[in-house]
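Notes follow once the structure below has been shown.
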Ligand code: HEC
Ligand code: HEC
């Protein structure tokens, strides 16, 4: 479910993410080459002979660019699917048509494309240095240094990772990731879109994407979901993280205290969240585990901001607050037994705070006259 959603998002996002430097280099190198050798079967049309392969060599440059990237890996060009698959092996052997190619030519065209611009291309965002992935089944915490991106010495992205499925024969294994958070945040940070990049591959189908759009000023969990990523090599996979956006912003603040008090705070009081997370009207002491994840001590404004940082403006009911408290994500106690206690009112608050445009559209026009 999750991965299918993120694939859908990727597919939709591709045209907008096309980047100039990379595409211009592609136009001068590999594009010429595939247009010269592969169009008989890969230009997206079906010929009289009925042979037609996937349309990566179409006439439209940007379509071709975004499609062909699926078959290329720049960290290990000879292993690119385009190279392994693209030679005479299939043209001549399978279809009896000589497409006049040698793997060396393809390798050369891809490496020229990389050298002449793809390597400098602004990608969809900023990328961390890769970190080695664990081979153990237990979840362990790994982190990526964000200093090269943000200039902030202490800021890191931390996630829990496990090798949850072993490779068996030809079948690749898989990793699972959970609880991504930024630690060492000073002031406010606006973070959008987390993409996982294994071994520098551009191959978007092998990667995974978490659609987030969040303003945080503390180490709030950025997504309550678990993400699965296929193993790439049998050993020694390296994972880099790419953000669509990671920039300084304002500390998140609430502006709709009335809705908050009525629809959210009242539920949290009734369901004793403060017993573990600290604070509340009884000034509960809380428990260390719960407080280190989310500390609800402080005045109403602070509590509101702390909670808001765990909310999803696009889909309020996919917020960490809902997943943890109502659905029992990551073995959190299911402290709210019924969805109706929280969801509609909670969603109206989140929408008011984070997606005000949507509220304006939904709101009915006021009556012209009272009474
Ligand atoms: C005579 C027709 C023909 C020519 C010419 C041809 N291909 Fe193909 N190719 C196919 C067909 C049909 C398929 C889909 C069926 C398959 O995977 O074998 C295919 C599949 C592929 C795939 C796998 C795509 C996928 O999604 O699995 C790659 C990569 C590929 N071709 C590369 C190339 C390259 C590079 C060239 C030019 C040098 C080329 N082909 C020329 C017929 C052709
Ligand atoms: C019995 C104790 C307990 C109660 C009651 C409780 N929690 Fe928690 N909560 C925890 C613990 C422990 C964690 C840390 C879990 C972890 O990260 O593995 C946590 C973590 C969370 C997180 C994740 C925060 C983050 O950024 O990592 C959210 C959100 C959350 N709780 C919401 C709630 C809400 C909302 C309520 C009340 C409706 C509530 N909790 C009641 C114990 C509790």
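Some observations on this one:
- Cβ-based exposure ranking for 235, 301, 160, in which fewest neighbours within 10 Å come first: 235, 301, 160
- Mean separation of Cα contacts under 8 Å, 6 or more apart, over the residue count of the chain: relative contact order %: 12 percent
- Normalised contact order of segment 41-96, rounded percent, pairs of Cα under 8 Å and 6 or more residues apart: 18 percent
- Cβ-Cβ distance of residue 299 and residue 235, R₀ of 56 Å, FRET efficiency by 1/(1 + (r/R0)^6): the value works out to about 0.60.
- Put simply, the Cα atoms of the chain extend 79, 59, 39 Å along their principal axes, the longest span coming first.
- Neighbour-count order for 217, 281, 135, 208, fewest beta carbons within 10 angstrom listed first: 281, 135, 217, 208
- Estimated [θ] at 222 nm from DSSP helical runs (n ≥ 4, -39500 (n - 2.57)) normalised by residues in the chain, nearest 500: -9500 deg cm²/dmol
- Model label sites at residue 271 and residue 61, defined 7 Å from Cα along the beta-carbon direction, differ in position by 5.4 nm.
- Taking 269, 353 and counting other C-beta atoms within 10 Å, the order from fewest to most: 269, 353
- Choice from 71, 95, 81 showing the highest fluctuation, given a GNM over the chain with Cα pairs closer than 10 Å: 95
- The angle between the Cα long axis of helix 339-354 and the main principal axis of the chain comes to about 70°, on a 0 to 90 degree scale.
- Helix axis angle, 2-17 relative to the chain longest principal axis, alpha carbon, degrees: 70 degrees
- Between helix 103-115 and the chain there is an angle of about 50 degrees, using the helix long axis and the longest principal axis of the Cα atoms.
Coordinate-derived values only; no laboratory data. Source: prediction; values computed, not measured. Note that we place each Cβ from the backbone using ideal geometry, even for glycine, and neighbour counts take in every protein chain shown.
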